[in-house]
Amino acid sequence: MRRSNLNWAVLVSAALATFSSHAAETIAIVGGQVHTLGSNGVIDGGTVVIENGRVASVTESGQAPQGARIIDAKGKYVVPGFMNGLSQVGLFETPYEPVEAADSHGESVLNAAFDVRLGWNPESVVVSENRRRGLTHVVVAPTSTVNLLNPGASKPGVDDMFYGSSAIAMLDGSWDTAMTRGPQVVSIADGGHRNISWGQLRVVLDQVRQYQRHRQRILEGKWNGEFLLSPFNMDALIPVVEGEQALVILLASEIDIRQAIEFKQEQSVEVILVGAAEAWKVADQLAAAEVPVLINPLENLPRQFLTMGATFENAAKLEAAGVKFGIVAPPFVSAHRAYSINQSAGIAVAHGLSWGAALEALSLAPAQIFGIDDQLGSIEPGKVANIVVWDGDPLEVASMPANIIVGGKEMPVTSRQTMLRDKYLAK
């Protein structure tokens, strides 16, 4: 979904351009079944040429440039690198070690002002493990501060609704790749009663607009207005009300999804819904309002009263209605197994989703949802070369990447897990 007015999408392009300038090797991927997800469709036995970190050409049985390094993809699938639109990759390795984790603002006064870019570790073993399984770029998002082991320890409030700003990251393992700010993340459930949460969210955005108009007077102590959030958290939300930053809203039920559609139209802000187990119930309304969703296709059990309508057919019904959607991993594996989105997509195919739509939900659709599809999401000339060669159907559990290219640079198909496996398997 194109949002050309979002400054962060422009910054993504600049960051990716900087990244691709470091990859000068010419690579030719020859003989594979190329799923471009672009105007060229599917090309059997195609040739993809990569120069200066970007796709130079995509042709049928084309000639590789002289001096190019050849990757033989005969009998293999060549697809765009996958993108998980809501993950915690690189924010922690041991989730229950508070000192190490950088995925939430915890007990601090930061909430909306929390920025995951300050704590992301591109050299994390979690990064390399997800990359070797087919992820080439992700949205890294903050998480809840609610104590899951003791939910009654504190009373949820308006502060708890705001997780902070996410970021878009390339999984190249390099500190040189600039991260770019992504959407602000909000959870309806973490505000307490959902009716109160929606009211608080509306009040906060109205107050942000008022704060913006009188900001200088407020900072100088010449304005006595009271706000639900502190000034630095209000500052962090100004890009949202100005249309420069999207709002990711975590929710599940039909009633909350209907509220989100109304909220978008009323507030004139860009929203992306995450979770949305009952999205299929209001698929036509989502399509008409152009509200995109990120779903976990494996959510088919009524874990709470608000998700009684959860079904494996959610994705298929969204496709039929023309809703733009991407696929994300379940929250409890969103770091170490963020790559499992391809397996989830395969299960969705088994329950009615078309194979092509499933592949798109892993690559082009999330790029469109986050406004970076002019750079990523398909294999087309001029785009950043995030490409994976799979040894079989990428939606099959047994298939594995044979070659992984991030920003035009081929990455090792290894991780700490494979090194430990190889070390002890021979013993």
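So which residues in segment 268-288 are under 19 Å from GLU360 (Cβ atoms), outside any helix (DSSP H, G or I), in contact with a Pro (Cβ under 9 Å, 6 or more places away or on another chain) and without any contact (Cβ under 8 Å) to a residue 40 or more places away in the chain, if there are any at all?
LEU273
Let's see how each residue does on (1) crowded, with 19+ Cβ neighbours inside 10 Å; (2) at negative phi; (3) of a type outside the set (D, E, K, R):
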| residue | (1), (2), (3) |
| --- | --- |
| GLY157 | no, yes, yes |
| TYR163 | yes, yes, yes |
| SER166 | yes, yes, yes |
| MET170 | yes, yes, yes |
| THR177 | yes, yes, yes |
| PRO183 | yes, yes, yes |
| ASP190 | yes, yes, no |
| GLY199 | no, yes, yes |
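Checking the conditions here, which among ASP373, ASP391 is within 19 Å of VAL48 (Cα to Cα) and over 21 Å from the mean Cα position of the chain (by Cα)?
Values: ASP373 fails: over 21 Å from the mean Cα position of the chain (by Cα).
Answer to the selection: ASP391.
Since VAL291 meets every condition but one in (1) aliphatic (A, V, I, L, M); (2) modelled with pLDDT under 95; (3) outside any helix (DSSP H, G or I), which condition does it not meet?
(2)
Going by what's in this entry, would ALA335 be described as buried (at least 19 other Cβ atoms within 10 Å of the Cβ), more than 21 Å from the chain's Cα centre (by Cα) and modelled with pLDDT under 95?
Values: buried (at least 19 other Cβ atoms within 10 Å of the Cβ): yes; more than 21 Å from the chain's Cα centre (by Cα): no; modelled with pLDDT under 95: yes.
Judged against the criteria, ALA335 is not a match.
Among the residues that make up segment 395-414, is at least one of them in contact (Cβ under 8 Å) with a residue 40 or more places away in the chain, farther than 21 Å from THR177 by Cα and of a type in the set (Lys, Arg)?
Within segment 395-414, not a single residue is in contact (Cβ under 8 Å) with a residue 40 or more places away in the chain, farther than 21 Å from THR177 by Cα and of a type in the set (Lys, Arg).
For segment 410-427, which positions are under 29 Å from MET170 (Cβ atoms) and either within 23 Å of the chain's Cα centre (by Cα) or part of a loop (DSSP other than H, G, I, E, B) (or both)? So that I can check it myself, show each step before the final result.
In the first step, residues of segment 410-427 are kept if they are under 29 Å from MET170 (Cβ atoms); the result is 410-423.
Residues satisfying the conditions are GLU410, MET411, PRO412, VAL413, THR414, SER415.
I'd like the full set of residues that are among the small types (Gly, Ala, Ser) and either crowded, with 24+ Cβ neighbours inside 10 Å or part of a strand (DSSP E or B) (or both), limited to segment 72-92.
ALA73, GLY81, GLY85, SER87, GLY90 - these are the residues of segment 72-92 that are among the small types (Gly, Ala, Ser) and either crowded, with 24+ Cβ neighbours inside 10 Å or part of a strand (DSSP E or B) (or both).
Scanning segment 72-89 for residues that are under 25 Å from the mean Cα position of the chain (by Cα) and among the hydrophobic types (A, V, I, L, M, F, W, C), which turns out farthest from ASN121 (Cα to Cα)?
Once the filter is applied, the top-ranked residue is VAL78.
Consider segment 35-71. How many of its residues are part of a strand (DSSP E or B) and either buried (at least 23 other Cβ atoms within 10 Å of the Cβ) or within 30 Å of the chain's Cα centre (by Cα) (or both)?
Total meeting the criteria: 17.
Would you point out which residue out of GLU226, GLU244 is closer than 30 Å to ASN121 by Cβ, among the charged types (D, E, K, R) and surrounded by fewer than 20 Cβ atoms within 10 Å (Cβ to Cβ)?
That would be GLU244, the only listed residue that is closer than 30 Å to ASN121 by Cβ, among the charged types (D, E, K, R) and surrounded by fewer than 20 Cβ atoms within 10 Å (Cβ to Cβ).
Can we say GLY134 is buried (at least 19 other Cβ atoms within 10 Å of the Cβ), on the phi > 0 side of the Ramachandran plot and of a type outside the set (D, E, K, R)?
Spelling it out, GLY134 is indeed buried (at least 19 other Cβ atoms within 10 Å of the Cβ), on the phi > 0 side of the Ramachandran plot and of a type outside the set (D, E, K, R).
Out of everything in segment 268-301 that is on the phi > 0 side of the Ramachandran plot and either in contact with a strand residue (DSSP E or B) (Cβ under 8 Å, 6 or more places away or on another chain) or among the basic types (Lys, Arg) (or both), what residue ends up being surrounded by the fewest Cβ atoms within 10 Å (Cβ to Cβ)?
Step one: filter segment 268-301 for residues on the phi > 0 side of the Ramachandran plot, giving 268, 275-276, 290.
Retained after the next criterion (residues that are either in contact with a strand residue (DSSP E or B) (Cβ under 8 Å, 6 or more places away or on another chain) or among the basic types (Lys, Arg) (or both)): 275-276.
Values: GLY275: 26, ALA276: 32.
Ranking the candidates gives GLY275 first.
Of the conditions (1) modelled with pLDDT of 95 or more; (2) buried (at least 21 other Cβ atoms within 10 Å of the Cβ), HIS351 clears all except one; give me its number.
Going through (1) modelled with pLDDT of 95 or more; (2) buried (at least 21 other Cβ atoms within 10 Å of the Cβ) one by one, HIS351 breaks only (2).
Which of the numbered conditions does SER230 fail, given that it passes all the others? Conditions: (1) within 23 Å of PHE114 (Cα to Cα); (2) touching a Ser or Thr at 6+ places or on another chain (Cβ under 9 Å).
Among (1) within 23 Å of PHE114 (Cα to Cα); (2) touching a Ser or Thr at 6+ places or on another chain (Cβ under 9 Å), SER230 violates only (2).
The values are calculated or read from the model by the stated rules, or taken from the named source; none is laboratory data. The structure displayed is predicted, hence computed values, not measured ones. Neighbour counts run over all protein chains shown; Cβ positions are idealised from the backbone, glycine included.
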